[in-house]
Amino acid sequence: MAILVTGATANIGRKVVDHLLARGATDIRALTVDPRKAALPAGVEVVEGSLRRPDTLAPAFADVKRMYLAPMPDTAAEALALARAAGVRQVVDLSGEPESWWGSVGMAVEASGLAWTHLWPADFMENTLIWSHQINATGVVREPRPDGATAPIAMDDIASVAATALLTEAYIGRSCALAGPEILTRTDLVGQLADALGRDIAFRRSSREETVTALAPTMGDTAPWYVDNVLYGFDPRPADLPTTSVPDITGRPATTFARWAADNAERFVGV
């Protein structure tokens, strides 16, 4: 019986495929919109389809027992109904707490009647790439809350947890809150990025309007939503974040932000 990875060419889904292979999985099916551009490893079965279009999913679900579900709130319930009818029994979903932006995905999973594991990640380390334009253009990061803190997690670590959960029944019925190994403020993040890039980067407290303007070149029309719903939603020093969640589940250390920044420094250059 195959393991299906939806969104298999997206940021996290692609890494889930790699981690399944690294753990010895051999019957992996990857769902992607354009198989010709998928560039997935040899031995991975590539199937065309999209969670946005449930009518394309039947071939992907055939002979599948377990699946990784990428977050797609608008069509999650319909896709899950099709999955259950096809014989899928277990789903590992990327979602969030019920009251969060992605919470409806997890609720749809539970309503489907499938065995489930929820992955509820903290802020992605990759989200700092939204600063790339202003770092290059001005050497300054503008945001409203310098002391806003979280424990950011690398997408690769989320994928590693997903692969672990797909290959066992140990996490069925669990909501896994995932975070990185350190609680860091926004100014901490900027400082570690400066070290990784080998240059001075200042943090400047800014108004809502100034922040939206600074983020618009990388975020476009989503900048106002991000400022209002994410940046103003940070709680200072959240002591209850599960900073050992990744090693507890995968058995390997979580990626530090300093390590991630050093490995991804080139992504901030020349944008």
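The values are calculated or read from the model by the stated rules, or taken from the named source; none is laboratory data. No experiment lies behind these values; they were computed from the predicted model shown. Reconstructed Cβ throughout: ideal geometry from the backbone, glycine too, with neighbour counts over all protein chains shown.
Miscellaneous remarks
- Exactly one residue among Ala177, Ala165 is in a helix (DSSP H, G or I), small (Gly, Ala, Ser) and within 20 Å of the chain's Cα centre (by Cα), and that residue is Ala165.
To keep it simple, each residue is scored yes or no on (1) basic (Lys, Arg); (2) in contact with a strand residue (DSSP E or B) (Cβ under 8 Å, 6 or more places away or on another chain); (3) outside the structural domain of Pro146 (by TED's automatic domain parsing); (4) at pLDDT below 95.
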| site | (1), (2), (3), (4) |
| --- | --- |
| Gln192 | no, yes, no, no |
| Ala196 | no, no, no, no |
| Arg204 | yes, yes, no, no |
| Met219 | no, no, no, no |
| Val230 | no, no, no, yes |
| Asp248 | no, no, yes, no |
| Ala261 | no, no, no, no |
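- Here Ser132 passes the criteria (1) at pLDDT below 95; (2) out of contact with any strand residue (DSSP E or B) (no Cβ under 9 Å at 6 or more places or on another chain) except the one numbered (1).
- All positions within segment 142-162 that are in contact with a Ser or Thr (Cβ under 7 Å, 6 or more places away or on another chain) and either among the hydrophobic types (A, V, I, L, M, F, W, C) or not in a helix (DSSP H, G or I) (or both): Arg142, Glu143, Pro144, Pro146, Asp147, Gly148, Ala149, Ala151, Ala154, Val161
- Restricted to segment 38-141, the set of helices (runs of 4 or more DSSP H) holding at least 2 residues that are surrounded by fewer than 19 Cβ atoms within 10 Å (Cβ to Cβ) and among the charged types (D, E, K, R) comprises 76-86.
- All of (1) outside the structural domain of Glu210 (by TED's automatic domain parsing); (2) β-branched (Val, Ile, Thr); (3) part of a helix (DSSP H, G or I) hold for Ile172 with one exception: (3).
- Per the listing Gly148, Gly106, Gly139, the residue uniquely in contact with a strand residue (DSSP E or B) (Cβ under 7 Å, 6 or more places away or on another chain), closer than 19 Å to Met219 by Cα and among the small types (Gly, Ala, Ser) is Gly139.
- Of the residues in segment 29-41, at least one is at positive phi, assigned by TED's automatic domain parsing to the domain that holds Tyr68 and not aromatic (Phe, Trp, Tyr).
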